[in-house]
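The values are calculated or read from the model by the stated rules, or taken from the named source; none is laboratory data. Remember, predicted model here, so these are calculated numbers, not experimental data. As a convention, Cβ positions derive from the backbone with ideal geometry for all residues, glycine included, and neighbour counts pool all protein chains shown. With ligands, DNA and RNA removed, areas are computed over all heavy atoms of the protein, side chains included. Shrake-Rupley method; radii C 1.70, N 1.55, O 1.52, S 1.80 Å.
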Amino acid sequence: MRVVIVGGSHAGIACALRAREEYPDAEVVIYERQGSVGFIAQSIPLYLRGDRHYEELKSYTDVPALERQGIVVRINTEVRRVDTDAKTLEIVPAGGVPLVDHYDHLVLATGSYPSIPLAFGSYGDSLYLVKSYEHAVRIKELMETAKRIVIIGGGAIGVEIARAMRYKDVPTTLLQSHATILDRYVDDEVSSEIIDSLRDAGLDVYTEALVTELEEVLGPDGRRQAVAKTADGRTFSGDGIIYATGFRPNSFLIGGKAELGDKGAIVVDDYMRTSIPDVFAVGDCSTTTLTNVARPVYIPHASDAFRQGEIAAINLVGPRQRINPSQGTYNLNIGTRTMCISGMTFKRAVEEGFDSGIASYRNEFLDLDGLLPREDNDEDPYYKIWLIYERGTHKILGFQLRGTATDLSLYADLMSLAIERGLTVEDLEFVDFYFKQGYANPRSFSKYLAAVVRQQDPRG
Ligand SMILES: Cc1cc2nc3c(=O)[nH]c(=O)nc-3n(C[C@H](O)[C@H](O)[C@H](O)COP(=O)(O)OP(=O)(O)OC[C@H]3O[C@@H](n4cnc5c(N)ncnc54)[C@H](O)[C@@H]3O)c2cc1C
């Protein structure tokens with residue numbers, strides 16, 4: 001049995017390793033068009049900040065390690081075409097001539113590419129994208145001399161990169177088209193708290209700034225200037241513009257043949273099968289099923305890419321293991337604060353037809369004489385939770401947390417499980433959680449939240 005995987009990033013590697021485990025006699029081949037495998041894009045902000053741990057954190061494997069596991073890895077090799085009737089692929093090694101390979105089972109792990117500007121104008125070299133190591137190197141070079149940088153996009157990547165700029169004292173303007181930032185992840189109150197803290201940290205954040213035109217001009221000192229113009233006539237300029245407005249699925253190889261869904265992602269079932277026999281799609285090129293959300297969506301997350309890669313491997317020869325739906329669980333470190341989420345925002349829950357409520361609860365750490373990290377002019381250490389629930393049943397639909405300790409993201413993992421399993425706030429209320437010494441309220445957060453929910457929406 002020959003298993004061919006296109007793409008040597010998280011989804012492709014997870015699939016190859018699991019295929020090796022499940023089918024010891026199979027030939028497992030990865031084709032990757034770049035010169036390395038397993039680059040962790042999350043390490044880009046660390047690289048830009050000059051973090052000394054960046055080198056160790058930028059990947060978790062390499063070609064020799066995979067080959068020692070019996071996986072054939074062909075880097076610098078692009079898959080140009082797939083014939084799903086003949087089960088063949090046209091592959092092109094860098095600088096070489098096209099070759100033909102064949103497969104019994106094909107796994108597309110071709111990932112995503114940064115969405116490119118939907119703006120008029122000519123911006124030449126002034127435009128910077130954020131996805132690969134090469135993109136990161138370009139941005140770092142820009143940071144060395146830039147007097148100001150403009151970032152377009154107030155999503156997770158834009159915010160993280162803006163924070164890295166602030167860390168290196170590079171004056172930065174962050175432009176967001178909507179009234180709130182991180183709006184795919186959090187509700188308005190959390191978003192406005194984060195905007196305030198970004199502004200307190202010295203970043204210039206503009207909301208409702210929809211960029212419609214980009215331009216490259218020469219400034220009075222002869223330096224190249226990038227200019228972003230908004231729909232309402234405002235102009236923002238800098239030495240470069242970083243475009244961080246999201247990702248699109250790289251579904252071109254079977255785009256015309258397979259069923260495509262949200263944003264053009266390859267539609268897959270619970271076994272990661274596409275609409276074409278023996279062709280699977282995993283990670284950022286495919287759709288994801290979310291708990292409590294009616295239709296599969298496009299949500300490019302590394303955490304899902306790993307899970308989907310393994311699930312495809314298990315199901316290569318027949319459907320054996322369904323994938324758990326995703327809760328879109330995500331963690332973002334913004335300065336010394338953690339923001340983590342799982343499940344739906346309140347807005348999304350309403351859109352999905354839930355009669356929803358939102359309850360919040362704040363707990364303070366006891367001030368242990370500066371033992372905990374604090375930002376300049378920061379308030380007392382704390383964490384705050386916003387819980388989205390269904391009013392009649394008290395079923396947990398979503399969770400957002402913001403706070404100042406690093407291990408807070410574990411709460412998102414816990415709530416991910418609760419949401420997936422359809423638990424109510426009362427189901428969690430008296431679960432045996434550890435005693436939280438060091439907090440003003442030492443009992444479990446779930447006890448306090450359950451009380452708030454019942455006060456707001458008494459059970460019938
Ligand atoms: C700055 C940044 C921060 C992020 N932070 C987070 C985070 O905190 N949490 C989180 O869950 N996610 C995060 N993500 C998203 C995460 O990186 C992606 O979800 C993840 O990389 C998806 O993995 P993948 O294997 O599906 O695809 P990709 O990583 O996109 O990899 C696809 C691979 O396929 C190769 N390829 C494509 N077409 C071909 C072809 N025709 N032939 C050969 N090879 C091909 C590409 O070269 C690439 O290596 C972040 C992304 C960025 C950019």
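Things to note:
- Filtered residues of region 296-308 (kept if open to solvent by less than 30 Å² (accessible area, probe 1.4 Å) and either over 25 Å from VAL4 (Cα atoms) or more than 16 Å from the chain's Cα centre (by Cα) (or both)): VAL297
- Among (1) of a type in the set (Val, Ile, Thr); (2) open to solvent by 40 Å² or more (accessible area, probe 1.4 Å); (3) more than 13 Å from the ligand (Cβ to nearest atom) - the single one ILE157 does not satisfy: (3)
- Verdict on ARG459 being within 26 Å of GLU352 (Cβ to Cβ) and in a helix (DSSP H, G or I): no
- Any hit, region 272-295, residues being in contact with a Leu (Cβ under 8 Å, 6 or more places away or on another chain), open to solvent by 10 Å² or more (accessible area, probe 1.4 Å) and either within 30 Å of ALA146 (Cα to Cα) or in a strand (DSSP E or B) (or both): no
- Subset of region 343-358 (residues that are touching a residue at least 60 places away in the same chain (Cβ under 8 Å) and open to solvent by less than 20 Å² (accessible area, probe 1.4 Å)): THR345, GLY357
- Among residues of region 88-110 being surrounded by fewer than 18 Cβ atoms within 10 Å (Cβ to Cβ) and touching a Pro at 6+ places or on another chain (Cβ under 8 Å), the one that is farthest from ALA11 (Cα to Cα) is LEU99.
- Checklist (1) within 13 Å of the ligand (Cβ to nearest atom); (2) in a loop (DSSP other than H, G, I, E, B); (3) open to solvent by 50 Å² or more (accessible area, probe 1.4 Å) applied to THR61, failing item: (3)
- Residues satisfying the stated conditions in region 234-244, i.e. more than 26 Å from the chain's Cα centre (by Cα) and open to solvent by less than 60 Å² (accessible area, probe 1.4 Å): PHE236, SER237, GLY238, ASP239
- Subset of region 310-326 that is in contact (Cβ under 8 Å) with a residue 60 or more places away in the chain, away from the ligand (no atom under 13 Å from the Cβ) and over 29 Å from LEU401 (Cα atoms) - its residue that is most open to solvent (accessible area, probe 1.4 Å): VAL317
- All positions within region 160-196 that are open to solvent by 20 Å² or more (accessible area, probe 1.4 Å) and of a type in the set (Gly, Ala, Ser): SER177, ALA179, SER192
- Single residue of region 65-75 satisfying the filter (within 28 Å of the chain's Cα centre (by Cα) and open to solvent by less than 70 Å² (accessible area, probe 1.4 Å)) that is nearest to the ligand (Cβ to nearest atom): ILE75
- Subset of region 197-215 (residues that are hydrophobic (A, V, I, L, M, F, W, C) and open to solvent by less than 60 Å² (accessible area, probe 1.4 Å)): LEU198, ALA201, LEU203, VAL205, ALA209, VAL211, LEU214
- Residues satisfying the stated conditions in region 1-45, i.e. open to solvent by 30 Å² or more (accessible area, probe 1.4 Å) and either near the ligand (Cβ under 10 Å from one of its atoms) or within 17 Å of ASP304 (Cα to Cα) (or both): SER9, LEU17, ARG18, ARG33, GLN34, GLY35, SER36, PHE39, ILE40, ALA41, GLN42
- Matching strands (runs of 3 or more DSSP E) fully within region 304-379 where at least 2 residues are out of contact with any Gly (no Cβ under 7 Å at 6 or more places or on another chain) and either over 30 Å from GLN456 (Cβ atoms) or modelled with pLDDT under 85 (or both): 330-334
- Filtered residues of region 64-111 (kept if over 14 Å from ARG33 (Cα atoms), charged (D, E, K, R) and without any contact (Cβ under 8 Å) to a residue 24 or more places away in the chain): GLU67, ARG68, ASP83, ASP85
- Residues in region 291-307 that are over 17 Å from TYR113 (Cα atoms) and in contact (Cβ under 8 Å) with a residue 40 or more places away in the chain were compared, and the one that is nearest to the ligand (Cβ to nearest atom) is PHE306.
- Just one residue in the set THR180, THR173, THR212 is of a type in the set (Val, Ile, Thr) and assigned to a loop (DSSP other than H, G, I, E, B); that residue is THR180.
- Among residues of region 327-342 that are more than 18 Å from MET415 (Cα to Cα), those with a Cβ under 8 angstrom from a residue that is open to solvent by less than 20 Å² (accessible area, probe 1.4 Å) and of a type in the set (Val, Ile, Thr), sequence gap 6+ or separate chain, pair up as ILE334/VAL159; ILE334/ILE194; THR336/THR404; ARG337/THR404.
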